[in-house]
Each structure stands twice: as structure tokens, then as C-alpha cells.
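Novice: Pasting a structure below so you can have a look.
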Amino acid sequence: MMGTRYVEPQSSRCIRERVDGVEQIRIPIRRNWFALLFLSFWICGWTVGGLAAIYSVATDFNWFLVFWLGMWAVGWLFAAATIGSQVAGSEIIRVAGRDLEISIGVGKLRWRRLYGGDHVKHLDSGDPNPMGWPFRFQQTNIFRPRFGAIKFDYGSQTVYAASSVDEAEGRAIVDWLRPKLPGAATE
């Protein structure tokens, strides 16, 4: 008779920690391996092209190339930031006083959003990938994500967060947040 082999439960991606006396949850950004590999190769070629343009401007000044180098620098920074966020980025969720703070970024370079706790309503968990998109492409918008494992109403908009975790982890985050936020958030 063969022994029963159970599927091992997956451990949580969320890391609870205390920083500056405030408890927070840090969620490493889920990697998109295709984007990471593609951008790593792309930025190498982009860098070579930029260096060639810099050499060309240094030897024979050209206003078009100066403008092109400005756009080149923006593209290079965007690609480097995307690679950095894929390798070492995280989303941090914390309650500071009565307010909810959500930040996404790498180290000290973070996009922070602070929500007044008295205006947070209907805090709940949800499916972070409701359309079943492969590779979770919807995560790329850090300025206003449209999907996430937690959601709440803030004024006339619905705010989503924690797109790098699954729905079960979203429920655990909501359970962690509820006692820390004003009572209106859980109604």
C-alpha cells in the first residue's frame, strides 16, 4: 500500500515587520521573468546606442541627437527602474496613527499614497487577477492599480493594493488591517 502524499501548503509571501515603531506588511513584488530577461538584454543594447550618440554629440554637435539623448535617458531610467523593482521591489502596507499608507518601490525610492483612515470604507479582499491574465500584466501600473488582493472605497473611487499576493493572503492582510483602522473601514 502506498502512503498518502499531500500537496505542501505554500507559505505566505507577506513579511510582517516593525519599522520605526510601526508594524507593517512588506510584500515582495511578484517577478515577471519574461519582462526581466527582455529588459535586461534590451537595456544593454540601449546603453550601447546611447554611448554611441554621446560620442557623436561630443565630436560633432547635433541638436537632434541632444534631444534624442534626453528621450534615451528617460527610456533608460524607466527600464532600469522596472528591472530594479522586479529584482528588489516591494509593496508596504502600514497603518500610521489612524491612516493607511501604501507604498511601492525599491528601498527609499518609493511611490507613497496616504489615505485618511476616516475616509476608508468597505475594506475587503478580492481576486487579484479577476480576468485571469497570464503573468499578471495588470501589476505594471504602480500609480493607480486596477486590481489587487485588497480593496477599499476612498471617496468616490475604489483603491486596490497587494497585487502580488493571492486572494487568501489578501484576506489575511484585511484581517490584520481591520482592528488597526477606524471602525468605518470595516462596515
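Bear in mind these aren't lab numbers, they're just calculated from the coordinates by the rules spelled out. Predicted model, so just to flag it, every value in this text is computed and none were measured. So basically every Cβ, Gly included, is an ideal-geometry build from the backbone, and we count neighbours across all protein chains shown.
Novice: So what are the radius of gyration and Dmax for the Cα set of the chain, in Å?
Specialist: Considering the chain through its Cα atoms, Rg and Dmax are 21.1, 81 Å.
Novice: Within the chain, which DSSP H helices have Cα atoms that stretch 20 Å or more along the helix axis and a mean Kyte-Doolittle hydropathy of at least -0.5?
Specialist: Numbers: long enough: 33-59 (39 Å, 1.57); 63-88 (37 Å, 1.46).
In the chain, the long hydrophobic H runs are 33-59, 63-88.
Novice: If each residue of separation counts as 0.36 nm, what is the full-extension length gain between residue 101 and residue 5 once their alpha-carbon separation is subtracted?
Specialist: Details: separation 96, 0.36 × 96 = 34.56 nm, distance 4.21 nm.
Full extension of this stretch gives 30.4 nm more.
Novice: On to the next question. Step by step: find N for region 3-78, compute 2.2 N^0.38 Å, then divide the Cα radius of gyration by it. What's the final number?
Specialist: 1.99
Novice: A further question follows. Could you name the lysines in cross-link range of residue 121, using Cα to Cα under 18 Å and dropping any fewer than eight places away on the same chain?
Specialist: Qualifying lysines at Cα under 18 Å: 151, 180.
Novice: Further question on the same structure: Equivalent-ellipsoid semi-axes (√(5λ), Cα gyration tensor) for region 34-86, whole Å, largest first?
Specialist: Each semi-axis is the square root of five times an eigenvalue, giving 25, 11, 6 Å.
Novice: Hey, another quick one. Distance from a point 7 Å along Cα→Cβ of residue 18 to each backbone N in region 95-118: keep the residues under 16 Å and list them by number.
Specialist: Residues 95-97 qualify, since their backbone N sits under 16 Å from the label point.
Novice: Another one. Ranked highest first by average number of other Cβ atoms within 10 Å, how do 98-105, 121-128, 154-161, 19-26 line up?
Specialist: By packing density, highest mean first, the sequence is 98-105, 121-128, 154-161, 19-26.
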